[in-house]
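The values are calculated or read from the model by the stated rules, or taken from the named source; none is laboratory data. In this text the structure is predicted, and so the values were computed from the model without any measurement. Every residue, glycine among them, receives a Cβ derived from its backbone with ideal geometry; neighbour counts consider all protein chains shown. We work out accessible area using only protein heavy atoms, side chains counted, and drop any ligands, DNA or RNA first. Shrake-Rupley method; radii C 1.70, N 1.55, O 1.52, S 1.80 Å.
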Amino acid sequence: MTAEKSGTTGRRSGAETRADGTGAKNPPDDAAGAGPGSGSPDERASGADSSGEDDTAGTVTSAGKAKRTRKARRTGAAKAAGTASTADNTSTVDKTSTVDKTSTADKAGAGTDKAEAGTDKAEAGTEAGTEAEARDRADAAKKDGDAAEKSDAAKQDGTGDDEPADPWSAFGPAPEPVLGRPRRAVRAVGRFLVHEWTLAVVAALALAAAMTWPTLRYPRHTLPQDYWDPSLQAWQMAWSGHILRTNPAQLWHSNTFYPENWSFAFSDTLLGYAPAGLIGVGPEHAVLRYNIMFVLAHALAAFGAYALARQLGAGRIGGAVAGASFAYAPWLLAQAGHLHIISNGGIPLALAMLARGHGWSLRYGYRPRRRHAGWAFAGWLMAAWQLSLGFGIGLPFAYMLAGVVLVSVVLWFVRRRKVKRPFGRRLFLADVLGGLVFAAVGAALAVPYFKVAELHPNAERTIGDIGLYSPPASGFFTAPAESRVWGGLHEGARAVLPWHPEMTLLPGFVLYALAAGGLFFSVWRVRHRIFLLAGVLVTMALAMGTRFFGGRFTYVPLFDYLPGWSGLRTPGRMMLWTTLLLGLLAAGAVTAFCMRVRELAAERVPPWPGPWLRLATLLPLALVLVEGLNATPQPVVPRQPAALRTVDGPMLVLPSSQNLDQPVMLWSTDRFQPMVNGGSGFTPRSQARIREATVSFPDYASVDYLRQIGVKNVVVLRDELEGTPWEGMLDRPVDALGVAREQVGEAVVVRG
């Protein structure tokens, strides 16, 4: 019986024994090394099945059996056979310390096995008759546990089972392979391609091409919405590139509005796109350039808002909702012909960079260790670039930044006593230098506009002008005609608006709903939600202009006291800020929703239907994009008359009006010859006099007047005369006027 009891498996010999006299007084420390959880899952299963065989094998007395036991431990035969080697008697146990290579049962049965092992060892100690024998058995069990633990470690290191141990492992692990420069470059490129920001840029570009379709279908021949303002802006990019390449000193004195100076400042200039204007010459390239920048502007808006939401603490899907709602809000579809309004992505991107540089997040607060002076300086540069695209949306942005700087300075003085160096010297220098660059760019761009205001008093806006473009409250729930989803349904609501292109300000009903949900269920703190809501209400009041209690407490004080604000005639464009703030509220709600979905999926066993719940998180994003689908027309740009490629300036193209002159500006991008024609937000008095004087052209008075101001050639567009004051002018004789008239293609050129 003693031999039978002493022949228990190594698993049970390694179990903990009692100290009450029935077993060993000093339990082995490493008994768990050969316990149920020490082997692989396959080993644990095989050990559970072989426990019965181990108990009947205790009568084996052969010395060769012990030898085979050691061999089985080295080769892992216990894993295949599922049986354990045992000693023939108590002395054999002391000498050979047999080990069952297989681990029994799984982790769930560890406690039960340990209890059974303790009972067996107590019985063995009693039948041995002496306390010394029990102590010997305990020592043997400890040795067995050490051997099993080493065996399991060998398996985990890959040196167990059928493979011999590495004799050099005692000297340390093998060194990592040294990658060559090509492989390191490949790895770096791979990491870059799968980085979040790389994927975000690619997604923004692909989404922009899809959401603005069919802009890129015929990019050399069509323009979005109409060919009036887009023709003007296509000319602006072409002129800035041309003049920077030829004579930068004449940048502000363009070839249009002859004989006026500072004519490039008659409208927002899109000067920030001048590098694109360096590529290509002529109307066709100008149209292609415009369409490409139109799509890229949408991509930058989506990416910038995404980056801002992520920096503030939103999740990826929440950031995507913020980006999509900002770039593809229904109200922006009415601005498709105004590239300087669509080009707003620099605003959220600059704010994201500045927040990143200052280590600040809406969700996590101020984290000094995450400060980065380079990002802060880059944010100021991005803000300066955004300002160079035009003051229409750049001026409110500049004043907003000034307010943020003022508040930050106050907070810095308040907190510097509580936190050691809350700002940092390098960050301070980056802000000072970046702020100076931003201010210098703004001042340099403002000089020509102040000069225009001085030379052309009729260009200044009045409160009456602001009232004409101020939308009522119903405009916030009315979509433009270019909205594929709501355009037809809101036709009646648009009919009652005085000037619906600037008064249909719907940011999206889905965005309204998500933002409202974000007030109650969000990752943002309650006070931050209140601040965002206050910003939404304030910007809405500003967008209403004089419609909100006459503007006495909102728009009118800004109009009267802030320099440059009187040049903004369309208050509804303040909706840009409303949309951004609504998007941040929505991002907080969607992020909280995604977090809850992950929690629910993790609680399910098995985690079904986890994938379907995760797909549900994309529903807000899909709905926002559906509301942003466009039905924007893509008219064909009028073909350039052949005469514009040959006639020298100064010249006049008739008939002339603001809308008719904008395509003429585009046609001049071949040679940029000086011309009287030009379209902008106002009509210079000199241009109005020329138009009035040439209604009777050709006659002696009109020809003499044109000669006095230096106009040498007049191009008459025969197909455009009908219905204009110049209709019938080609039937008048020119023999006694000292001018020559000739047909050049579809146009008539009068040279004098």
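Return the whole-Å distance between the Cα centroid of the stretch 236-253 and the Cα centroid of the stretch 277-296. Cα centres, the stretch 236-253 to the stretch 277-296: 15 Å.
To put it simply, the accessible area of the stretch 335-472 at a 1.4 Å probe is 68 percent carbon and sulfur. Backbone geometry of the stretch 201-217 corresponds, through the Karplus equation with coefficients 6.51, -1.76 and 1.60 at θ = phi - 60°, to 3J(HN,Hα) couplings of 5, 4, 5, 5, 5, 5, 5, 5, 4, 6, 6, 9, 4, x, 4, 8, 6 Hz, x marking Gly and Pro.
Starting with the highest mean, order 627-635, 267-275, 199-207, 576-584 by the number of other Cβ atoms within 10 Å, averaged over the residues of each peptide.
Answer by packing, highest mean first, reads 576-584, 267-275, 627-635, 199-207.
On the stretch 521-633, 73 percent of the accessible area sits on carbon and sulfur atoms, based on a 1.4 Å probe. Distance between the pseudo-spin-label points of W197 and V605 (7 Å out from Cα toward the beta carbon): 4.3 nm. Gain on full extension, evaluated as 0.36 nm per residue between E454 and F531 minus their Cα-Cα distance, stands at 23.7 nm.
Converting phi to 3J(HN,Hα) with the Karplus coefficients 6.51, -1.76 and 1.60 and the offset θ = phi - 60°, the stretch 642-656 yields 4, 4, 5, 8, 10, 6, 8, x, x, 9, 9, 10, 10, x, 10 Hz in sequence order, with x at every glycine or proline. Amide H to amide H, with H built 1.01 Å from N, Y366 comes under 5 Å of S361, counting only residues 5 or more places away or on other chains.
Shown here for the stretch 349-444: chymotrypsin sites (Phe, Trp or Tyr not before Pro) in loop regions (DSSP other than H, G, I, E, B) with at most 13 other Cβ atoms within 10 Å, namely Y364. Probing with 1.4 Å while keeping every protein chain in the model, the per residue accessible area of the stretch 359-452 equals 59 Å². Distance between the pseudo-spin-label points of R426 and T724 (7 Å out from Cα toward the beta carbon): 6.2 nm. Evaluated at q = 0.14, 0.15 Å⁻¹, the base-10 log of the normalised Debye intensity for the stretch 417-557, with identical point scatterers placed on the Cα atoms, takes the values -1.01, -1.05. Among 232-239, 713-720, the peptide with the highest mean count of other Cβ atoms within 10 Å heads the list, and the full ranking is 232-239, 713-720.
Peptides 689-698, 240-249, 324-333: what's the order by average Cβ count within 10 Å, highest mean first?
Details: 689-698: 17.7, 240-249: 15.0, 324-333: 28.2.
In descending order of packing, they fall as 324-333, 689-698, 240-249.
The per residue volume of the convex hull around the alpha-carbon atoms of the stretch 248-371 is 149 Å³. Loop-located trypsin sites (Lys or Arg not before Pro) in the stretch 540-598 (DSSP state other than H, G, I, E, B) with a sparse environment of at most 15 neighbouring Cβ atoms within 10 Å: R552.
Multiplying the sequence separation of D648 and R181 by 0.36 nm and subtracting their Cα-Cα distance, what value in nm do you get? Show your work: numbers first, answer last.
Details: separation 467, 0.36 × 467 = 168.12 nm, distance 5.91 nm.
Gain on stretching D648 to R181: 162.2 nm.
Summing Lys, Arg as +1 and Asp, Glu as -1, what charge do residues with Cβ under 13 Å from the Cβ of W486 carry, W486 excluded?
Details: positive: R484, R494; negative: E482, E491, E627.
Surrounding charge for W486 is -1.
Count Lys and Arg as plus one, Asp and Glu as minus one, and take only other residues whose Cβ is under 12 Å from that of A274; the net charge is then +2. Working note: Karplus 6.51/-1.76/1.60 with θ = phi - 60° gives the stretch 725-730 the couplings x, 9, 4, x, 5, 6 Hz, where Gly and Pro are set to x.
I'd like the FRET efficiency for V636 and V744, computed as 1/(1 + (r/R0)^6) with the beta carbon distance as r and R0 of 35 Å, rounded to 0.05. Provide the component values of the computation, followed by the final result.
Numbers: r = 22 Å, r/R0 = 0.64.
According to the calculation, E is roughly 0.95.
Charged neighbours of S474, selected by a Cβ distance under 11 Å, balance to +2 (K, R count +1; D, E count -1). Here the calculated FRET efficiency for D465 and S408, from their Cβ-Cβ distance with R0 = 45 Å, stands at 0.80, rounded to the nearest 0.05.
Once both labels are positioned 7 Å from their Cα atoms along Cα-to-Cβ, the gap between R685 and D731 label points is 3.6 nm.
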